[in-house]
Amino acid sequence: MKVKTLLDLFIHDLSDVYSAEKQITRALPKLIRAATDEKLKAAFQQHLDETQGQIERLDQVIDAHDELRLLRMKCHALEGLVEEAQELIEATEAGPVRDAGLIGAAQKVEHYEIATYGTLIALAIKLQLGEAANLLAATLEEEKSTDKKLTSIAEKQ
Ligand code: FE
Ligand code: FE
Ligand code: FE
């Protein structure tokens, strides 16, 4: 698709993050199985539930504004990050070292999402898509608090 306007760019990035969230719902169950620490497993499970809600929120963003529709596209960055997490799992045995690696892998995903949602919110405000901006801001807060929670789990290890 040719991206010519800020609205095109918003739709492009929204479709990319939709693909990212879908990939995350498939990856988190693998991280839950690979993790040992119960708090880490619980944090991943909680974020899996949140991620399902975030996909619903993206559907609400689309429904809120007539000019929005989703493009079929794949987030290649997430594909790469998931592949790296998979390699880490294969390179480690279950235990604290793998758990530390899983936290790092998950935080790379959260930081990607934080950057992406930050851009989307700025574009939504610029495009005067207020409902979209509010919905996306709610998701951004969940990504930030997940990132903080992972840091605190890592510090207690
Ligand atoms: Fe997310
Ligand atoms: Fe992407
Ligand atoms: Fe997330």
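The values are calculated or read from the model by the stated rules, or taken from the named source; none is laboratory data. Here the structure is a predicted model, which is why all the values come from computation and not from measurement. Glycine gets a Cβ as well: all are built from the backbone with ideal geometry, and neighbour counts include every protein chain shown. The accessibility values were calculated without ligands, DNA or RNA, using every heavy atom of the protein model including side chains. Shrake-Rupley method; radii C 1.70, N 1.55, O 1.52, S 1.80 Å.
Only one of the listed residues (Q60, Q54, Q86) is more than 16 Å from ligand 3 (Cβ to nearest atom), of a type outside the set (D, E, K, R) and over 22 Å from I153 (Cα atoms). That residue is Q60. Remark: pairs (first residue in region 59-72, closer than 14 Å to A133 by Cβ and of a type in the set (G, A, S); second residue outside any helix (DSSP H, G or I) and open to solvent by less than 40 Å² (accessible area, probe 1.4 Å); Cβ separation under 8 Å; 6+ apart in sequence or on different chains) = A64/L129. Within region 43-50, the presence of at least one residue that is part of a helix (DSSP H, G or I) and surrounded by fewer than 13 Cβ atoms within 10 Å (Cβ to Cβ) is confirmed. Scanning region 1-41 for residues that are more than 16 Å from ligand 3 (Cβ to nearest atom), under 20 Å from K148 (Cβ atoms) and within 15 Å of the chain's Cα centre (by Cα) returns no hits.
Any chance region 120-129 includes a residue that's closer than 17 Å to Q46 by Cβ and within 16 Å of ligand 1 (Cβ to nearest atom)? So far as region 120-129 goes, no, none of its residues is closer than 17 Å to Q46 by Cβ and within 16 Å of ligand 1 (Cβ to nearest atom).
The set of residues in region 72-118 being within 14 Å of ligand 2 (Cβ to nearest atom) and in contact with a Phe, Trp or Tyr (Cβ under 9 Å, 6 or more places away or on another chain) consists of M73, C75, A77, L78, L81. Please verify whether region 130-152 includes one or more residues that are in contact with a Leu (Cβ under 7 Å, 6 or more places away or on another chain), surrounded by fewer than 21 Cβ atoms within 10 Å (Cβ to Cβ) and of a type outside the set (K, R). No, region 130-152 contains no residue that is in contact with a Leu (Cβ under 7 Å, 6 or more places away or on another chain), surrounded by fewer than 21 Cβ atoms within 10 Å (Cβ to Cβ) and of a type outside the set (K, R).
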